[in-house]
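Written out below as structure tokens is the structure these notes cover.
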Amino acid sequence: MDFAQNPDDLHAEIRQEVAKLCARFPGEYWRKLDEVRGYPTEFVQALTEAGWLAALIPEEFGGSGLPLSAAAAILEEVQRQGCNGAACHAQMYIMGTILRHGNDRQKQEYLPKIASGELRLQAFGVTEPTSGTDTTALRTFARREGDRYIVNGQKIWTSRAEHSDLMLLLARTTPRDQVAKKTEGLSTFIVDMRTVLGKGLTIRPIRTMMNHNSCEVFFDNMEVPAENLVGVEGRGFRYILDGMNAERLLIASECIGDAKWFIEKAVGYAKERVLFGRPIGQNQGVQFPIAKAYAQMRAAEAIVHKGLAKFEAGVNPGEEANMGKMLAAEASWAAGEACVQTHGGFGFAEEYDVERKFRETRLYQVAPISTNLILSYLGEHVLGMPRSY
């Protein structure tokens, strides 16, 4: 089935090469990892060696210097081939904070090693148990003492912390009651977790409905060199926000890839499965939900492509990034629902991979940004209604 092929796709060659790589990691590979909650080390290493995870890193730092649309094509294809880019997708958008706001020393020290795979930058320490998506209410505090910061606090849903060398951490450096705006007084740090694990840093895995390698992270007088502060102290919230549009467009692309995988699976099974002397895909009750999911996927895809084009043109894609992420997540869920329903009981059988992908794609209606916050953004910043949050 070639519905996903676009003759005008500028990144068709990239998709083809990513598909070839993914073919080395079939459903059986992911099912075995799912059983033991394992991390796809071999898959991540293969993507790294092929240079795909360094797509957005400039050539001067050992990367490919590709545009965001190329990174989106990479992650979409990973998902469309039945693999799971969540194991490493954070590297695509986290490193942008260092690239845009880090100093020359930080760029020279970290980016080439991230590009080569010598260092993994996969952990993003932002969310806390008591603050959730209210980021400015976080409590983790970094206190300056001479040439270092002393960090105390806790993060949750810090995915891939056990499998990352570096963490991008957001912490308060000025108490909330001492700043004019609640978005001030937050700072961003590069934490070398190899040097502090067991010495102020504790990582505790969290079991979830999907194998997402999520963790709680605890800081107990953890020391971070002052030179690892990114940009200016107190402006970290802006640096984190700066990368959110890219993150949402990339996650949306993954959801589109998931939707395409589900639709292809459902269509294939609907054509082959014969009941009452006819393929089940001939029945409107089976056919129409798949067709509707396809329409949802295409609509979301168009919004995401518009957002990517605006991003690359230097225009704020906030509207498209937020809408695209929400619509793509809804499309992938609708496609997953149609795929499970089409397969019937077999949709719950591990060997078909449908139930695994079904669990994995459900995450994106919740994270990395709540749908309610997306609607709040659209209501306030696009439609001009009073601020909700």
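The values are calculated or read from the model by the stated rules, or taken from the named source; none is laboratory data. All values reported here derive from a predicted model rather than from experimental measurement. No Cβ is skipped: glycine too gets one built from the backbone with ideal geometry, and neighbour counts run over all protein chains shown. All accessible areas refer to the heavy atoms of the entire protein, side chains included, with ligands and DNA or RNA removed. Shrake-Rupley method; radii C 1.70, N 1.55, O 1.52, S 1.80 Å.
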Of Arg204, Arg172, Arg176, the only residue that is under 23 Å from the mean Cα position of the chain (by Cα) and not hydrophobic (A, V, I, L, M, F, W, C) is Arg204
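Yes/no matrix, rows are residues, columns are (1) within 17 Å of the chain's Cα centre (by Cα); (2) open to solvent by 10 Å² or more (accessible area, probe 1.4 Å):
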residue: Ala293; (1), (2): no, no
residue: Gly307; (1), (2): yes, no
residue: Lys310; (1), (2): no, yes
residue: Thr361; (1), (2): yes, no
Positions within segment 363-377 being modelled with pLDDT of 90 or more, of a type in the set (Ser, Thr, Tyr) and closer than 19 Å to Ile240 by Cβ, in sequence order: Ser376, Tyr377
Taking segment 180-204 on its own, how many of its residues are over 24 Å from Tyr110 (Cβ atoms), modelled with pLDDT of 95 or more and not charged (D, E, K, R)? 1
Candidates Val382, Val315, Val354 - the one that is modelled with pLDDT of 95 or more, crowded, with 19+ Cβ neighbours inside 10 Å and not basic (Lys, Arg): Val354
Anything in segment 121-149 that is farther than 21 Å from Glu247 by Cβ, open to solvent by 10 Å² or more (accessible area, probe 1.4 Å), in a strand (DSSP E or B) and out of contact with any Gly (no Cβ under 8 Å at 6 or more places or on another chain)? List them, or say none. Arg143, Arg144, Glu145, Arg148
Helices (runs of 4 or more DSSP H) (entirely within segment 21-90) containing at least 1 residues that are exposed (fewer than 15 other Cβ atoms within 10 Å of the Cβ): 27-36, 41-49
Is it the case that segment 252-264 has a residue that's β-branched (Val, Ile, Thr) and farther than 30 Å from Ala70 by Cα? no
Can you confirm whether segment 321-329 contains a residue that is modelled with pLDDT under 95, more than 26 Å from Gly27 (Cα to Cα) and out of contact with any Asp or Glu (no Cβ under 7 Å at 6 or more places or on another chain)? no
Scan segment 91-105 residue by residue and report those that are in contact with a strand residue (DSSP E or B) (Cβ under 6 Å, 6 or more places away or on another chain) and not in a helix (DSSP H, G or I). Gly102
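To keep it simple, each residue is scored yes or no on (1) under 16 Å from the mean Cα position of the chain (by Cα); (2) closer than 16 Å to Ala115 by Cα.
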residue	(1), (2)
Leu10	no, no
Gly38	no, no
Val44	yes, yes
Glu49	no, yes
Ala55	yes, yes
Gly63	no, yes
Cys83	yes, no
Ile94	yes, yes
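Just checking, does segment 63-73 include any residue being over 25 Å from Ala328 (Cβ atoms), in contact with a Gly (Cβ under 9 Å, 6 or more places away or on another chain) and not acidic (Asp, Glu)? Working first, answer last.
Of all residues in segment 63-73, those over 25 Å from Ala328 (Cβ atoms) come to 63, 65.
From what is left, the residues that are in contact with a Gly (Cβ under 9 Å, 6 or more places away or on another chain) are 63.
From what is left, the residues that are not acidic (Asp, Glu) are 63.
Checked against the condition, which is being over 25 Å from Ala328 (Cβ atoms), in contact with a Gly (Cβ under 9 Å, 6 or more places away or on another chain) and not acidic (Asp, Glu), segment 63-73 yields at least one hit.
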Restricted to segment 258-280 and to residues being touching a residue at least 60 places away in the same chain (Cβ under 8 Å) and of a type in the set (Gly, Ala, Ser), the residue surrounded by the most Cβ atoms within 10 Å (Cβ to Cβ) is Ala259
Considering each of Ala246, Ala291, Ala295, Ala309 in turn, give the residue that is of a type outside the set (Ser, Thr, Tyr), out of contact with any strand residue (DSSP E or B) (no Cβ under 7 Å at 6 or more places or on another chain), farther than 23 Å from Tyr352 by Cα and without any contact (Cβ under 8 Å) to a residue 12 or more places away in the chain. Ala295
Can you find a residue in segment 217-231 that is farther than 26 Å from Glu360 by Cα, of a type in the set (Val, Ile, Thr) and touching a Ser or Thr at 6+ places or on another chain (Cβ under 8 Å)? yes
Take segment 93-149 and flag every residue that is touching a residue at least 24 places away in the same chain (Cβ under 8 Å), of a type in the set (Lys, Arg) and either under 25 Å from Thr41 (Cβ atoms) or in contact with a His (Cβ under 8 Å, 6 or more places away or on another chain) (or both). Arg120
Of the residues in segment 187-206, those that are surrounded by 13 or more Cβ atoms within 10 Å (Cβ to Cβ) and either part of a helix (DSSP H, G or I) or hydrophobic (A, V, I, L, M, F, W, C) (or both) come to Phe189, Ile190, Val191, Met193, Thr195, Val196, Leu197, Leu201, Ile203, Ile206
When you scan segment 236-257, how many residues do you find that are basic (Lys, Arg) and surrounded by 17 or more Cβ atoms within 10 Å (Cβ to Cβ)? 1
From Gln108, Gln122, residue being of a type in the set (S, T, N, Q), touching a helix residue (DSSP H, G or I) at 6+ places or on another chain (Cβ under 9 Å) and under 19 Å from His212 (Cα atoms): Gln122
